[in-house]
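Contents: one structure, followed by commentary.
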Amino acid sequence: MERLEVLKTYKIYIGGKFPRTESGRYYVPEADGQALGNICLSSRKDFRNAMTAARAAQAGWAGRSAYNRGQILYRIAEMLETRKAQFIEEAMLQGSTKKKAESEVRTSIDRLIHYAGWCDKYQQIFSAVNPVASSHFNFSVLEPTGVVFQFADQSSSLLGLISLVAPIIAGGNTLIILASETKPLSAVTFAEVLHSSDVPGGVVNILTGRREELIEHVVKHMDLNAIAYDGSDKKEITLLKKGASSNMKRIRVYDRKWDKDSAQDPYLIKDFCEVKTTWHPIENIGPSGSGY
């Protein structure tokens, strides 16, 4: 009797745990006629659960020192390095050549290290002490936007995902990701890397499923602060921009060649930060006494 292959059921990642989808629904993507596994079709409830986890984790993550966030990003790169062979194999299962898969995983690790180094440096680049006419110090510094939703790159399994995850969390934001619909395996395995990399639960949450089912729920959610959209679908981009106007949600659209060195820069961190300006009076000391 011919044996039937048992397909693995891949769970989603919310709040540092691996629950099954609340919807109970799955889909089976294929590459070269081969089924990749049972992938969760995340629902509106799954997204809401991820929002709750991300919001709860945001203040704690933003409050960590920049140096510590850099340490944790570097730890993610270390753990990804130890599982390099698995990521290469999964990329090949999803249709990549061996050479391309090796290059993609190697570049993904390097990208994490790149942004780990920027964690305690971007403030020096983008912050300022501003000249004012009165007796005050005036400082402008960057603060995280809050909770960000990332529609991951559909064309790559890992590099497009990590190229936005790293700068977004480097700036102190928490994140919810909807993985590539056709190439979801690397995203789910990346959740296992995060789980073993000192990343606090809720800082990064990973959903799988269909964009068309979640995009309206995401853009209309009033507690979400920003959306990173990686793609070029004009209909989806228009939907995001119109929907975001209801609560002034920040929308960033990317369609980059992530394998190029030019695709990484600290301005991606700045894209998900707000500028906070603080005034502080200077004490004037003179013959008649001191004052402000």
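Computed from the coordinates by the stated procedures, all read-outs in this text should not be read as laboratory data. Just so we're clear, the structure is a prediction, and the values are computed from it rather than from any experiment. Glycine also receives a Cβ, built like all others from the backbone with ideal geometry; neighbour counts cover every protein chain displayed.
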Legend entry - Shape call, segment 1-115: gyration tensor on alpha carbons, a/c limit 1.5: oblate
Inset, instruction - Could you tally the net charge around residue 91, taking each other residue with its Cβ under 10 Å from the Cβ of residue 91, Lys/Arg +1 and Asp/Glu -1? - result: -1
Legend entry - Whether segment 145-246 is rounded, prolate or oblate, judged on the alpha carbon gyration tensor where a/c under 1.5 counts as rounded: oblate
Legend entry - Theoretical FRET efficiency, 1/(1+(r/R0)^6), r = Cβ-Cβ of residue 66 and residue 45, R0 30 Å, to 0.05: 0.30
Legend entry - Subset of 234/257; 45/234; 99/270; 100/121; 11/276 violating a 29 Å alpha-carbon distance limit: 99/270; 100/121; 11/276
Legend entry - Residue-span extension gain [residue 284 to residue 212] - 0.36 nm each, minus C-alpha spacing: 19.8 nm
Legend entry - Shape call, segment 240-292: gyration tensor on alpha carbons, a/c limit 1.5: oblate
Inset, instruction - Between 147, 253, 204, find the one with the highest GNM mean-square fluctuation for the chain; connect C-alpha pairs within less than 10 Å. - result: 253
Inset, instruction - Please give, to one decimal in nm, the separation of the simple spin-label points placed at residue 56 and residue 92, each 7 Å out from Cα toward the Cβ. - result: 4.1 nm
Inset, instruction - Can you pull the one-decimal nm distance between simple spin-label points at residue 274 and residue 123, each 7 Å off the Cα toward Cβ? - result: 1.7 nm
Legend entry - Antiparallel %, DSSP beta bridges [both residues in the chain], to 5: 50 percent
Inset, instruction - With a Förster radius of 30 Å, plug the Cβ-Cβ distance of residue 17 and residue 78 into 1/(1 + (r/R0)^6) and report the FRET value to the nearest 0.05. - result: 0.85
Legend entry - At 0.692 mPa s and 37 °C, Stokes diffusion of the chain via Kirkwood alpha-carbon radius, µm² per second: 163 µm²/s
Legend entry - segment 159-292 - share of DSSP beta bridges that are antiparallel (%, nearest 5): 25 percent
Legend entry - Net charge of neighbours whose Cβ lies under 12 Å from the Cβ of residue 43, counting Lys and Arg as +1 and Asp and Glu as -1: +3
